[in-house]
């Protein structure tokens, strides 16, 4: 449900972004609580839950038995348990996966349907939030919680905030806004995630890639020293053998095309276009730009040129 009259606003890069409030309608929250909640997540996710402090958040992944990423999620302490912010298209299947392995543990797992997720970033976003809330998170305390309000702080690709609000607090927050702010939707937040190097994994690309193939190791979303979790044997073997052949890349072009997620990416070698990877996400940015996130073979370099199968638009790797 959309509570604002969202206009079809232009999507900006982090450098150009004005003060913007984003309704994160493409995400949902899975809540996990109970005496065994930490133990349960420790056995499920790629991150070490013992290292997740009360005022921290971490990106992690849930993998299948073959080590392929079912979903990526943002994990943090929430109320009496843990919250996992995940793409909405994967929420139902992720809950089913979690529940398969929770039968013998004292843990409850369900989606929170009575909360609102908002993103805030752009010029003077910190000052804007300080006018609305008594305290906000920062680099020393990336998560701030007070009753039915939780705010998360991010540094990449620019300072930004993610608000987890009850419906009541969202309506109060909305009434307090008394200055100009651009309203936008999930596309703007997705672009910021792409710039930050966070893989955009939805239903179409679920269970396609190893965590290292979407750069989760580079953003500390895998702990290679923790105990067993689903897919750990394969993931560890690839790591210690240095046998991962793919990586996550951000590419750009100009134009107006709308390929499907999962489309094949091709690279030009001599006079031939060869298959080199897959499309994870696409965002149309201001000034007629197109930015895409793709999984490509690591053999590519900055001078290569690419295109999406079925389209002639040329893409280059963003340096």
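Highest mobility in the GNM of the chain, judged by mean-square fluctuation with C-alpha springs under 10 Å and restricted to 263, 247, 294, is found for 263. Computed on region 20-196, the Cα convex hull volume stands at 115 Å³ per residue. Note: relative contact order over region 20-196, using C-alpha pairs below 8 Å and six or more positions apart, is 28 percent. From zero outward in steps of 10 Å, how is the percent of C-alpha pairs of region 183-223 spread across the bins? Bins of 10 Å from zero give 26, 49, 22, 3 percent of pairs. Distance between the C-alpha centres of region 129-156 and region 266-319: 37 Å, rounded to the whole angstrom.
Expressed in nm to one decimal, what extension gain is obtained for the pair residue 65 and residue 258 from 0.36 nm per residue of sequence separation less their Cα-Cα distance? Gain on extension, residue 65 to residue 258, equals 66.1 nm.
As a calculated quantity, the FRET efficiency between residue 319 and residue 26 at R0 = 25 Å, using C-beta atoms, amounts to about 0.35.
When 234, 254, 46, 272 are sorted by how many other C-beta atoms sit within 10 angstrom of their C-beta, beginning with the fewest, the order is 272, 254, 234, 46. Relative contact order of the chain, taken over Cα pairs closer than 8 Å and 6 or more residues apart, is 20 percent. Annotation: the antiparallel percentage among DSSP beta bridges lying fully within the chain is about 95.
Extension gain for residue 228 to residue 80 (0.36 nm times residue separation, less C-alpha to C-alpha distance): 50.8 nm. In plain terms, the C-alpha convex hull of region 211-317 casts an average shadow of 8.0 nm² when viewed from every direction. By the helix-only formula, in which each DSSP H run with n ≥ 4 contributes -39500 (n - 2.57) and the sum is divided by residues, the chain has a 222 nm mean residue ellipticity of -5500 deg cm²/dmol.
Ranked by the mean number of other Cβ atoms within 10 Å per residue, highest first, peptides 160-173, 82-95 order as 82-95, 160-173.
Considering all different alpha carbon pairs of the chain, the Kirkwood hydrodynamic radius works out to 20.6 Å.
Since every read-out is calculated from the coordinates, none of them should be taken as a lab result. This is a predicted model, so every value here is computed, not measured. FYI the Cβ positions are ideal-geometry reconstructions off the backbone, even for glycines, and counts take in every protein chain you see.
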